[in-house]
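No lab work stands behind these numbers, since they all come straight from the coordinates. On a predicted model such as this, the values are computed, not experimentally measured, just so you know. Here the Cβ is made from the backbone with ideal geometry for all residues, glycine too, and neighbour counts use every protein chain on show.
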Amino acid sequence: MSAPMDIFQFPLDFDFQSLPNKDNKVCVVSVIGKGRHNPFASKASVFNPVLDKDVFKGLLNVPEELIQQDAVECFYDAESQVVYLHHTCMYDTHRLAVQCQRLINQDVDQDFFNMWQKEEYRHAKTLLWLFSISHIIILSHPGASFDVSYVRLFRTIDTIRLKLLHSITEQLHGFHISKDWYHSGRPCSPRVLFMFESTTLTKKTEPVETGAISKNKTATKFSVEKKLVHAIEDQIYRILRKSRIITNISNNSLFAVPANQEFVYIHTKKEEISDPVSFYLQQLRMNNSIESPRSRGYQSNRHSSQSGSETRSSSLPTSPVPGNSTFKEFLFQHVELALGRGFDDNVGRNPVTPVFEVPTCELWCMIANRLYDFFLGERINAKAQAHFNTLKSLLETDIRFSENRCNKVLPVAEAAYQEGLPTHYVTNFHLNKLQQAHRVFHQFARGPATEKYLVQLDEACEKFWKNGRQLCEEISVTGNHCINPLHRLPDEPELDSNRHLPVMPHTNQLKTRAACNCGRKQADKDDPFDHKAANYDFYAGLEESCCGKLEHVDLPSFKPSTAEARAAQVKKIERAHKNSQGDIPTVKSGDIVSGMANLSLALSLGQSGGSDYSHHEGISPNNFATTSPHVETVEEVASEDSHQIVSASPMEETTEKLEKVEEMKEEEPDHEEPEAEQPEEAALGIPATFRQVSTTEYLPGMIHSESVPGLLPKFPSWAVCCIGKASLYNHNTGLDYPGFLHGSHFLLPWDITVKAEKDKWPSVGETASRKGKQKKSSKDTAEVNLRIYLGNEYECPRGHRFFCSGPEKIIKVSSTSSVKDNANKLVNLDMPLYCACPHCRSSKGFLGQLMRLYVVTPEGPVRITVNPIIQPAPSPCPLFNLGTTDVVELSASALWVIRLPHIYLGDQGAYLMPTESQHLSQCRMMKGVFGYRDATQES
């Protein structure tokens, strides 16, 4: 490849034999330092007026890959025998801005500080190379004052240069150079010139016109500029000598400054037009004011001098102004000296012969290329790598200070984390203490190593926490943490991850006082961690000592056909149920299908062991295995509504058929029975049956109005038991059970009137209207008056129990122990699920929860029925019930107790007591719990 005649980059990749005047000796001039933010010019653009060519341009048209890394631009002026080098680095403001914008636009992991450390390391190695191959180095400053930060950089470079001297001489082996060059590792001690692109002088230079300025004023003006230059030279010289960067013997210094020549240049006038807009505006003004302008193009005029030595128009002749030299004159006095007798910058009484050699162009290119590969090439010199590592360490003073600082602060932050720790604690407490440690760390830590040591702090604190100090993260149903260390449950399988953990149940040492199923015995109840412990385990534990021998009503529960039974994955289903105003919300289509979609196909079709459903048979709501004359077959129902489901799976189609049949059965009236006998739970949206379909999957929660048909809970959360005969209750003394508050342990009488000739006993709400109608139609019909005793028991966490005669109305008896209230409100009104305990109201403010219903049934053919329906939270909320296919019928002349659940668990979680008082009134037991019928009229 032939040598380029324009600017080129290092490393050189062309044939050095093709260089013009390759045997001529050359002076190497390098420009380093900082450049101002200007895309049209660079700090090397000052050479353009010297070359009278537009060679060094700005970074506007430079390829992006060259902007993102340090580069050295090179131009060989064969006519003047000068090689110009321009070092572009991160200190050039425009390049720094481009790099920062790239970091913003691109998603890179490297932060700005790490990028700057790498760039600074490469910048120092480039300066080492330039100080080894240059004769003159121009240090550019965009401001008007010397940047003292170069002092530390120069001292660091000088230290490493001396350490690398042996390796550099090895690289110079084989070249035809003098012994002085070979042993010193450079052709000379380079002379450094300082260039300032702005001035501190406030007086502006006025246009020079013939006879416009007197000689006295001109002399005074330029004497001020000279004084400024000399003052800056003296200041720089003192700084460099005090820091021992320059010494009396230039051969021993990194560089030298001339003793009898100016080495500072200040741009008092801008010699180059770097902004094309300003240039063309100036040309327009000149063309409008001058009759015969000599107009030149932008590329030709941008490097022309604006000093008095050169004019842009022949109509403005000027003469040179004394004392105001151009940059070309300032530079070439040093270049001519270098190409002549060389530099002798030694000072002192005993002069030493300076090392100075001017190589040929070809020889310099070969040596510069070899040393560039040594300092900046990809190949790593093993001997020099240790010294390069030292250079990197010396440059990273900020990070070394930051690491030392953070290393001292780290134990302080760890101590702040460990201060006041309990023996075991949960994640939230750990995170709070960790935030406290972070605040202590940030208070004293400084610098770029902060993030690194912050990660170490997190790791150390987490290790300290997990080293036997973790508390169990399980939360009870009521929202309290388990206080045991991290453990595994007795029924939890042993794995590699939990084999080291102790085996124990959850506990938090919080206890409440509660009674058993029948209410005759109280015991301490641990805070439950699941609804099984709350609704089943506690009461099952008291069965052996109290309620085990009593008569119980079997409530629906899951009966598995395999030992691998599991909880079904149930999605939320939106069903229609009455809200607090009695309205029925709209039911979304496909609710049942979406709820059954998580069941396996075999289980949904009833193909598992013990299944009661077969899709080849007709279906009725009350018995899946029987047929009904007025119910269509599954195939007929599916054919009518097939347009409602698109691409449904066989499981979803079967589920929809079940729902269709149930809806048709509920909508079709029974002509044989009166309208008043339709069950109220059908209007509430409660499924008509909970007959078990799946024998391998059970309902994870409790039965409610949104439960998937065919799934039953693993255990009953309710209890219905008979304490004994009705004579066990004395209305004069009440119930003699533990925990009842004085005067609130009496049941309320409920008087009903029935007729012997009635086909079926009226419902509770229709008693009055039926009675009036019968009297008008049949006056001689005999009436039977019966008395039933009812009670709604509330129980607070401290074990206090009391009955209510109505919403928020606690039973109170007179001094003669006579009850004045009756049970009409219990029968005809919604009862609140929570009521304030009168004993705890003044101190703790505990609320009592509706836990038991007491019924004393009468003798005779009347059968009392119960069907409690609970809304445990504000709407929308499912309605919970016993889960039986019909109301529960209680035997005659007996004392019955219906124990309600302590925790109501739905498909989406537990419904706890609301924290806001305005929502408590929406938690209730729906009216219509108690009813009756005539047992003699059974069909």
So between K25 and Q908, what do we pick up on full extension, going 0.36 nm a residue minus the alpha carbon distance? 308.9 nm
Cleavage-rule hits (GluC sites (Glu not before Pro)) in segment 446-553: DSSP loop, at most 15 neighbouring Cβ within 10 angstrom: E473, E494
Around A540, what is the net charge, scoring Lys/Arg as +1 and Asp/Glu as -1 over all other residues with Cβ under 15 Å from its Cβ? 0
Points 7 angstrom from Cα along the Cβ direction at R499 and F113: gap in nanometres? 4.4 nm
Find how much the distance from L431 to E357 grows on full extension, using 0.36 nm per residue of separation minus their present alpha carbon separation; answer in nm with one decimal. 19.8 nm
Rounded to the nearest 0.05, what FRET efficiency do V813 and K714 give with R0 = 60 Å and r taken as the Cβ-Cβ distance? Could you check? 0.90
Residues whose modelled amide H sits under 5 Å from the amide H of Y904, counting only those 5 or more places away in sequence or on another chain, are Y911
Quick query: amide H of G724 versus all other amide H atoms, modeled in the peptide plane; which residues come in under 5 Å with a sequence gap of 5 or more or a different chain? L895
Square roots of five times the C-alpha gyration tensor eigenvalues of segment 347-465, ordered largest first and given in whole Å, equal 55, 18, 10
Using the eigenvalues of the Cα gyration tensor, what equivalent ellipsoid semi-axes result for segment 396-466 when each is taken as the square root of five times the eigenvalue, whole Å, largest first? 25, 10, 9
From the phi of every residue in segment 431-448, what ³J(HN,Hα) in whole Hz does the Karplus formula 6.51 cos²θ - 1.76 cosθ + 1.60 yield, where θ is phi - 60° and glycine or proline is x? 5, 5, 5, 5, 5, 5, 5, 5, 5, 5, 5, 5, 5, 10, 6, 9, x, x
Mind checking the full-extension length gain between F444 and L103? Use 0.36 nm per residue of separation minus the Cα-Cα distance, one decimal, nm. 119.9 nm
Under 16 Å from a point 7 Å along the Cα-to-Cβ line of K392: which residues of segment 120-141 have their amide N that close? 120-126
Take the alpha carbon atoms of segment 123-182, find their center, do the same for segment 866-895, and report the distance between the two centers in whole angstrom. 94 Å
If Lys and Arg each add +1 and Asp and Glu each add -1, what is the summed charge of the other residues whose beta carbon sits under 10 Å from the beta carbon of E889? +1
Filter on K163/K242; K242/K408; K43/K242 - keep pairs with C-alpha separation over 24 Å: K242/K408; K43/K242
Quick calc, K820 & R841: beta-carbon distance into FRET formula, R0 25 Å, rounding 0.05, result 0.65
Taking the number of other C-beta atoms within 10 Å as the exposure measure, put K466, K22, K812 in order starting with the fewest. K466, K812, K22
FRET efficiency for R152 and D15, using Cβ-Cβ distance with R0 set to 45 Å, rounded to 0.05: 0.65
Between beta-carbons, use under 12 Å as the cut-off and find the net charge around L826, counting Lys and Arg +1, Asp and Glu -1. 0
Separation in nanometres of the label points that stand 7 Å from Cα toward Cβ, at Y182 and S921: 10.8 nm
With a 10 Å Cβ neighbour count serving as the proxy for reagent exposure, in which order, fewest first, do W116, W364 appear? W116, W364
In Hz, Karplus ³J(HN,Hα) per residue of segment 540-548 (6.51, -1.76, 1.60; θ = phi - 60°; x = Gly, Pro): 5, x, 8, 5, 5, 9, 9, 9, x
Amide H of G33: which non-local residues (sequence gap of 5 or more, or other chain) have their own amide H closer than 5 Å, using H built in the peptide plane? S140
In what order do F803, F846 fall by count of nearby beta-carbon atoms within 10 Å, going from fewest to most? F846, F803
